[in-house]
Amino acid sequence: MTALLRHGRYVLGENPVTGLAFALFVLLVVLAAAGPGLVPYDPLASNTAEALKPPSRAHWFGTDQLGRDLLSRVVVATRLDLTISICAVMIAFAVGSAAGVTGGFYGGWTDRLIGRVLDTIMAFPLFVLAMGIVAALGNTVANIVYATAIINVPFYARLARSEVMVRREAGFIEAARLAGNRGPRILAMHLFPNCLPPMMVQISLNLGWAILNAAGLSFIGLGVRPPTPEWGIMVAEGAAFIVSGEWWIGLFPGAALMLAVFCFNLLGDGLRDLIDPRRRT
Amino acid sequence: MSDPPIPLLAVQDLSVEFRTRAGVVHALDRVSFDVQRGETVGVVGESGSGKSVTAFALLRILDPSARISEGRAVFGGLDLVTATEHDLGLQRGRELSMIFQNPRTALNPIRPVGRQIADVLLRHGNVARAQVRRRAVELLAQVQIPDPERRYAAYPFQLSGGMCQRVMIALALACSPSLLIADEPTTGLDVTTQAAIMDLIRELAERTNMATLLITHDLALAAEQCDRIVVMHAGHVVEVAPAEALFETPRHPYTAKLVAATPHAAERLADLAAIPGGLPDLRGELPPCRYRFRCERYAPLCDGPLPRVEVLPGHMVACWKPL
Amino acid sequence: MLRLIGRRLLAAAPGLAGVIAVTFLLTRALPGDPAAFFAGPAATREAIEEIRRSLGLDKNLTVQFGLYVRDLTRGDLGKSLTTGQPVRSDLISRLPASLELTACGLLLAVAVALPLGVLAATRPGSWVDHLCRMLTTAGVSLPIFFTGLLLVYIFYFLLGWAPAPLGRLDAFISPPRSITGFFLVDAVLGGDFGEIRAILRQLALPAITLGLFAMAPIARMTRAAMLGVLSSDFIRTARASGLDRRTVLVTYAFRNAMLPVVTTLGMVFSFLLGANVLVEKVFAWPGIGSYALEALIVSDYAPVQGFILTMASLYVLLNLLIDVLYGVIDPRARIEA
Amino acid sequence: MKRTTALSLLLALLFMPAPEARAQSRSETLLVVVELGPNSMDIHGVGANRPAYQSSWNLYDRLITYGVKTLPDGTRMYDYSVLKPELAESWQIAPDGMSATFKLRKDAKFHDGTPVTAKDVKWSFDRAVTVGGFPTFQMKAGSLEKPEQFGVVDDYTFRVAFLRKDKLTMPDLAVPVPVIMNSELARKHATSADPWAMEWVKNNDTGGGAYKLESWKPGQESIYVRFDEWKSGPLPKLKRVIVREVPSAGNRRALLERGDADISFDLPPKDFSEIAAAGKLAVVAHPVENAHAYVGMNVKNPPFNNLKVRQAVAYAIPYEKIFHSVMFDRGALLMGNPIATNTFGYDAKLSPYKTDMAKAKALMADAGVPNGFETQLYFDQGFATINEPAAVLVQESLGQIGIKTTINKIPGANWRNLMLKKEMPIYVNAFGGWLNYPEYFFFWNYHGQNAVFNTMSYQNPDMDKLIDAARFETDPKKYADLVRGFTKLAIAEVPRVPLYQPNLDVAMQKGITGYQYWFHRQLDFRQLSKS
């Protein structure tokens, strides 16, 4: 364990940006977990007398059109946005790698079949596919998660398949097979763990992208159901107020969204450096 | 005896360290040796003993995380260690060039081999642009590549390992350098190609009185090709001696073991004695003599600073209790 | 080369068939009832039934699918109820706008991200490396519509540098004589410098918005590819033979690093085509993205299906282009293909 | 490096100020920016949207039109009590009051030069009543139902026979639907499957109105140019009008404020209140006649079939809060009164409702549901800018009296569907009628025929009697009593809670004059001028 820790500290030390990203990630998790408890106001309580007030001591992030406190809404939204992106990415990771690994390992027509399904998803304009799914099944949080998950499946499947194809003939796989392990056990025990490192990088990049995708859906009106606070919707609402001068309504949720995506992307890079053997000179 | 001629290359107390995740690795520790003009010097030792690091340090093409902490390497009046990048750039490939181990990956995969030679010729400017292609084809012929005109436009993946190595040699000798560093040039090639490559290098060297620094783990090859041999162990030069002397009368315990471990036609496999233990971890604290843990002749005496004893003229050994 | 194209198209056929089927089902699953919507607010039940029959929506699904495929083979993509035009002519008139915008966006991204990636790779771990990573990651972290609106607010509303976000051309200038449909190309062919400048000014903000969004993946891939190539053996040989820094970096390292970057460019281009749906909405850009978005919201099937089919075939063409480009750069691919 | 110099050159080139736009053509051209453009040039077309009415209104002539009146605040609007000649120079109503004969202008021509005759009017009216869908419905609202009613006396005389003495018939001839089309031109493109040339007329201009269609790129822009030989009225001053679609409201406002666009009328209320306050641009505000936004409840199914519950809702609605923070006071507060402030029969005192939580809770107790219930609150995503914040405020206040609601934002196509099914328990919506008569509004929204707009599916025979009587009542006193009757009934039964009457706000550059408010809420280019 100590080797890993020292190794980790070295990478974080040598590379302050990844350190910063890691700190941000911890902050986000804390906000998501304890958020609702910390906030000064009820995120759903409207107060039209206080509507559209700029940031002040009473309302650090100012108030929106209905007088709701933006700081509270941004903080409380963390939980929902993280849940959406993490669930979506986990589903995509599970389904994607299962499909990729089975396709890569068994080859033959299973591989071609899975390949064709992946081609179909990949050929779809990703964003339009998500829009179609949410528009068809209604904009519940679950549907947004599924829509975001489906369009990410091909990334994982492709990655898993190439990792497995490379290692399928490797010596230790032959040995495991000779030792009487049947296909699925080999897959799970031997092949899959090897796919994990590059997958970790893809997961972190995807987390950021999933949040952006939810925000895009909100902008065209297919986002989460009002009045639940969610960064994407708040940015979409704020967008209409930029020209009229109430910049804070869109800016703070936008900033929160940016920080989260920023943190995930940088973590992705950091993870790659951590895992990439070549960098471990 | 007139005072000894000025060596083509004089390496004095060259030390190199690497900054890695697990701490600082002292790869080379005060390495010193000379190479005379036209001479062939061998650098032998187990893999990981610092042979290649020495070569890379001379050309300053070490990995970014490496640093030459001390020492000098005077080559034709220029100290390679402190030379500016510009000055060194003029030397590399013109006066001092190098060939590497796996030739196929050491060539640009997506650029015709002829063009790669032409690049070097153009860079060092001693051939007019119009003549470059003709000169490159000549070079290919010189290294005995069949049908050089057509091979000019071939890509590395279309040539065999041996053929690629010949291209490497053509590349290195394009501007007829005065010193060629060959880092394990024949490892990975079959025996017949190996012999052909070594003969080619020696023949070209003799023609232009070029010095050669042959880096290899194959003692037999070194014995056959080199005038003098430098033995390295864990970043230290433990013994320098003329080839025959080294084999007849090895004075450093490690050299003796190395010679014993080298197969001669006559001996049987069983007689080959393996050398116990392995190379020490160069990251931690190290005793002055890095062979100490593997040496049966160890005595408290050995804990003093590593000596350089001139047991015979031209025969140096870094050991308090030489054989 | 033709064999490669043939093989690639054949391989894509099942994917396209899948797209056609899924699009059909997806649009039929859309909740809205277009007949009700297009019968207008005062419509009675019979009026709606009448429209449903005229749209052929009353037949069962399999028959509708059969009709749809038959029309498809005849190149008839059906009629859009939102614009009242045949979908094919809408797409043909709007596709150049989307392609032109996406291409300019990608060009901008490449012009900035490639040098950044190379710079970051040549000085790993230095402040340049971190700056490049921070900058490109910031570009991709903001939702694209928000970046667009912010840029409009700053560069048009506050500073007045950029022209009005009024679509492809200022309202009072007539478009260049249409040869290819791509305004920029037509204008260049037309040779009217003022026209070229007007079109470029209009393209600037939306292209920058798209470009910002595409920079991160390109810069990151360039950096990784360059790092990989720079630590390879042939670069060491090049340096050992004294080649100057520019030759080593560009002719040797960069050319090799282009291989993975080209694949990323393909993926980023198709991804951008999807993402510029939002940019088109913000900049009133008459592309196929906003066209499909409008249709999707009112459950007007034909344009949505037409749009998705166009995108899918673009995706296949793009992959084909990448393979060809790959062949050009890497002789191994060309000779073995 | 040379690459950075190339990049900076490109950026400099891009951001240099634009060449001075052709000023001369700018002053004679009007640039209108809208959220949504026309989807057809044919008012009779299937699914023609509201912007299509604007194109048809300006491209085509009608027999007659409305007069103009100037309001106390100096703004001008159409006068629905006065009918003025357009294509018809003059007309007489028959002594028995069962027909009208129109004398057509002799010098009127269509855009392609062919003279306008009575047979064109006949063909156009027959088309309007037989093509079905919305146009036929609108003609029926004025008892114009059968081709037999329309007769060609001679080339320049046209006769309309009345089915019954309906005071809406004559006004209905001045709405956008009964246009006069160039029948010869249209018939050339008719086919057996499409006798009325719907396909062709949808994309082409068969009109004779004050403006010709220069070009139309669906989804982008439509350009109209003045028809100089137009005889049916004073020649308009604007030579050319460009209607450009800019989906983002923020950009539309930016265009106006920077002077790059001349006029826009579909901005969110907040922008209008701020633009009006800033004073840089001229904002003409006019409450939309015969219209109101309301919270509707389905009276057929529980829980809102219980009158007490509906009344509790009426007392729980935060009227002022919604009117101020959602509409920014752009309109007129109605507080439960179904009749619009500028429609006959409006009386502020009629409605007892105001925000009174105590009374609302008491009514919930009386209704037997003291601790409330769960239900779904719906609104149309197409009007989310206004309906979403309003729905959130309604949700919050209803929550205080135990009615817990989850909000459903429904995309356009599906909204019409749900309205037809009439299953939505409670929802936020709005309706505006063209003909400014109270009974016309009630006929659509409260009458037992259960039209699609009677979203509450409220059916009450007493209400129907009152509405039908009022439609054909000519005695002003009795008519006033009937109107008062059905208004009070609607307030007592409260199937829906009217909130406010929205404004039609139009923002324009100071140099634009001559704007006139029309019941169809679109722009009439003919009166506009630009200095």
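Residue-by-condition table, conditions (1) in contact with a helix residue (DSSP H, G or I) (Cβ under 6 Å, 6 or more places away or on another chain); (2) within 11 Å of chain D (Cβ to nearest Cβ); (3) within 24 Å of D:Leu36 (Cα to Cα):
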| position | (1), (2), (3) |
| --- | --- |
| C:Val69 | no, no, no |
| C:Arg74 | no, no, no |
| C:Gly78 | yes, no, yes |
| C:Ile92 | no, no, yes |
| C:Leu106 | yes, no, no |
| C:Gly117 | yes, no, no |
| C:Pro124 | no, no, no |
| C:Cys132 | yes, no, no |
For the range D:115-133, which residues satisfy the criterion of being surrounded by fewer than 18 Cβ atoms within 10 Å (Cβ to Cβ) and under 11 Å from D:Asn182 (Cα atoms)?
D:Pro115, D:Lys119
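Looking at this structure, is A:Gly132 at the interface with another protein chain (Cβ under 10 Å from one of its Cβ atoms), crowded, with 17+ Cβ neighbours inside 10 Å and closer than 20 Å to A:Ile211 by Cα?
Values: at the interface with another protein chain (Cβ under 10 Å from one of its Cβ atoms): yes; crowded, with 17+ Cβ neighbours inside 10 Å: yes; closer than 20 Å to A:Ile211 by Cα: yes.
Yes: the conditions hold for A:Gly132.
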If I filter the range D:148-157 for residues that are assigned to a strand (DSSP E or B) and under 29 Å from the mean Cα position of the chain (by Cα), do I get at least one hit?
yes
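Test D:Tyr458 against the criterion of being in contact (Cβ under 8 Å) with a residue 40 or more places away in the chain and either within 13 Å of another protein chain (Cβ to nearest Cβ) or crowded, with 18+ Cβ neighbours inside 10 Å (or both), and give yes or no. Write out each step before concluding.
On the way: in contact (Cβ under 8 Å) with a residue 40 or more places away in the chain: yes; either within 13 Å of another protein chain (Cβ to nearest Cβ) or crowded, with 18+ Cβ neighbours inside 10 Å (or both): yes.
Yes; evaluated as a whole, the condition is true for this residue.
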Out of everything in the range D:235-252 that is farther than 30 Å from C:Lys79 by Cβ and free of Cβ contacts under 8 Å to residues at least 60 places away in the same chain, what residue ends up being nearest to the other protein chains (Cβ to nearest Cβ)?
D:Gly250
Taking only the range C:139-162 into account, find how many residues are surrounded by fewer than 24 Cβ atoms within 10 Å (Cβ to Cβ) and in a loop (DSSP other than H, G, I, E, B).
5
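Could you say which residue among C:Val282, C:Val261, C:Val250 is out of contact with any helix residue (DSSP H, G or I) (no Cβ under 7 Å at 6 or more places or on another chain) and at pLDDT 80 or above? Give the derivation first.
On the way: C:Val282 fails: out of contact with any helix residue (DSSP H, G or I) (no Cβ under 7 Å at 6 or more places or on another chain); C:Val261 fails: out of contact with any helix residue (DSSP H, G or I) (no Cβ under 7 Å at 6 or more places or on another chain).
None of the others qualify; the one that does is C:Val250.
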Would it be correct to say that D:Asp172 is surrounded by fewer than 19 Cβ atoms within 10 Å (Cβ to Cβ) and charged (D, E, K, R)?
no
For the range D:253-267 the number of residues that are under 10 Å from D:Glu35 (Cβ atoms) and within 10 Å of chain A (Cβ to nearest Cβ) is 1
Need the failing condition index for D:Gly97 against (1) modelled with pLDDT under 85; (2) at positive phi, just the number.
(1)
Identify the single condition in (1) of a type in the set (Gly, Ala, Ser); (2) surrounded by 20 or more Cβ atoms within 10 Å (Cβ to Cβ); (3) at pLDDT below 75 that A:Ala188 does not satisfy, given that it satisfies every other one.
(2)
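Can you confirm whether B:Thr82 is buried (at least 22 other Cβ atoms within 10 Å of the Cβ) and more than 8 Å from chain C (Cβ to nearest Cβ)? Give the derivation first.
Values: buried (at least 22 other Cβ atoms within 10 Å of the Cβ): no; more than 8 Å from chain C (Cβ to nearest Cβ): yes.
The answer is no for B:Thr82.
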Which ones in the range A:107-128 are in contact with a Leu (Cβ under 9 Å, 6 or more places away or on another chain) and farther than 27 Å from A:Gly221 by Cβ?
A:Asp119
Out of the residues in the range B:34-79 meeting the condition of being farther than 26 Å from B:Asn209 by Cα and among the hydrophobic types (A, V, I, L, M, F, W, C), tell me which one is farthest from the other protein chains (Cβ to nearest Cβ).
B:Ile68
What residue, of B:Glu138, B:Glu149, B:Glu184, is under 23 Å from the mean Cα position of the chain (by Cα) and either closer than 24 Å to B:Glu46 by Cα or modelled with pLDDT of 90 or more (or both)?
B:Glu184
State which residue pairs qualify: first residue away from chain D (no Cβ under 14 Å) and over 19 Å from D:Ala48 (Cβ atoms) and inside the range C:45-62, second residue charged (D, E, K, R) and assigned to a helix (DSSP H, G or I) in any location, beta carbons under 8 Å apart, and separation of 6 or more residues or different chains.
C:Asp58/C:Glu49; C:Asp58/C:Arg52; C:Leu61/C:Arg28
Under the condition of being assigned to a helix (DSSP H, G or I) and in contact with a strand residue (DSSP E or B) (Cβ under 9 Å, 6 or more places away or on another chain), which residue from the range D:315-347 is farthest from D:Ala291 (Cα to Cα)?
D:Ala316
Would you tally the residues in the range C:258-306 being in a loop (DSSP other than H, G, I, E, B) and more than 9 Å from chain D (Cβ to nearest Cβ)?
2
Would you call D:Leu435 in contact with a Pro (Cβ under 8 Å, 6 or more places away or on another chain) and either part of a helix (DSSP H, G or I) or not assigned by TED's automatic domain parsing to the domain that holds D:Ala141 (or both)?
yes
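Can you say whether C:Ala138 is in contact (Cβ under 8 Å) with a residue 24 or more places away in the chain, more than 10 Å from chain D (Cβ to nearest Cβ) and not basic (Lys, Arg), as far as the supplied structure shows?
On the way: in contact (Cβ under 8 Å) with a residue 24 or more places away in the chain: no; more than 10 Å from chain D (Cβ to nearest Cβ): yes; not basic (Lys, Arg): yes.
Considered against the rule, which asks whether it is in contact (Cβ under 8 Å) with a residue 24 or more places away in the chain, more than 10 Å from chain D (Cβ to nearest Cβ) and not basic (Lys, Arg), C:Ala138 comes out as no.
Please tell me if C:Gly194 is over 30 Å from A:Leu271 (Cβ atoms), away from every other protein chain (no Cβ under 11 Å) and surrounded by fewer than 20 Cβ atoms within 10 Å (Cβ to Cβ).
Details: over 30 Å from A:Leu271 (Cβ atoms): yes; away from every other protein chain (no Cβ under 11 Å): no; surrounded by fewer than 20 Cβ atoms within 10 Å (Cβ to Cβ): yes.
Against the criterion (over 30 Å from A:Leu271 (Cβ atoms), away from every other protein chain (no Cβ under 11 Å) and surrounded by fewer than 20 Cβ atoms within 10 Å (Cβ to Cβ)), C:Gly194 does not qualify.
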Given (1) in a helix (DSSP H, G or I); (2) of a type in the set (Gly, Ala, Ser); (3) away from chain C (no Cβ under 14 Å), number of the condition A:Ala147 does not satisfy:
(3)
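For B:Val230, are the conditions met, namely being under 17 Å from the mean Cα position of the chain (by Cα) and either without any contact (Cβ under 8 Å) to a residue 24 or more places away in the chain or within 16 Å of B:Ser47 (Cα to Cα) (or both)?
Values: under 17 Å from the mean Cα position of the chain (by Cα): yes; either without any contact (Cβ under 8 Å) to a residue 24 or more places away in the chain or within 16 Å of B:Ser47 (Cα to Cα) (or both): yes.
So B:Val230 fits the description; yes.
Just one of C:Ala219, C:Ala224 is more than 14 Å from chain B (Cβ to nearest Cβ), buried (at least 24 other Cβ atoms within 10 Å of the Cβ) and of a type in the set (A, V, I, L, M); which is it? Outline the logic, then answer.
Numbers: C:Ala224 fails: buried (at least 24 other Cβ atoms within 10 Å of the Cβ).
Answer to the check: C:Ala219.
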Please verify whether the range D:283-296 includes one or more residues that are buried (at least 21 other Cβ atoms within 10 Å of the Cβ), over 27 Å from D:Gly250 (Cα atoms), aliphatic (A, V, I, L, M) and more than 14 Å from chain A (Cβ to nearest Cβ).
yes
With C:Leu95, C:Leu114, C:Leu135 as the choices, which residue is at pLDDT below 85 and of a type outside the set (S, T, N, Q)?
C:Leu135
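This table checks each residue for (1) on the phi < 0 side of the Ramachandran plot; (2) not acidic (Asp, Glu).
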| site | (1), (2) |
| --- | --- |
| D:Val394 | yes, yes |
| D:Ile401 | yes, yes |
| D:Leu418 | yes, yes |
| D:Tyr427 | yes, yes |
| D:Glu439 | yes, no |
| D:Phe442 | yes, yes |
| D:Tyr446 | yes, yes |
| D:Asn450 | no, yes |
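Here are some residues: A:Gly268, A:Gly208, A:Gly238. Which one is modelled with pLDDT of 85 or more, in a helix (DSSP H, G or I) and either at the interface with chain C (Cβ under 9 Å from one of its Cβ atoms) or more than 15 Å from A:Arg79 (Cα to Cα) (or both)? Reasoning before the result, please.
On the way: A:Gly268 fails: modelled with pLDDT of 85 or more; A:Gly208 fails: modelled with pLDDT of 85 or more.
Within the list A:Gly268, A:Gly208, A:Gly238, the selection yields A:Gly238.
The values are calculated or read from the model by the stated rules, or taken from the named source; none is laboratory data. No experiment lies behind these values; they were computed from the predicted model shown. A quick note on method: Cβ atoms are made from the backbone with ideal geometry, for glycine too, and the neighbour counts reach across all protein chains shown.
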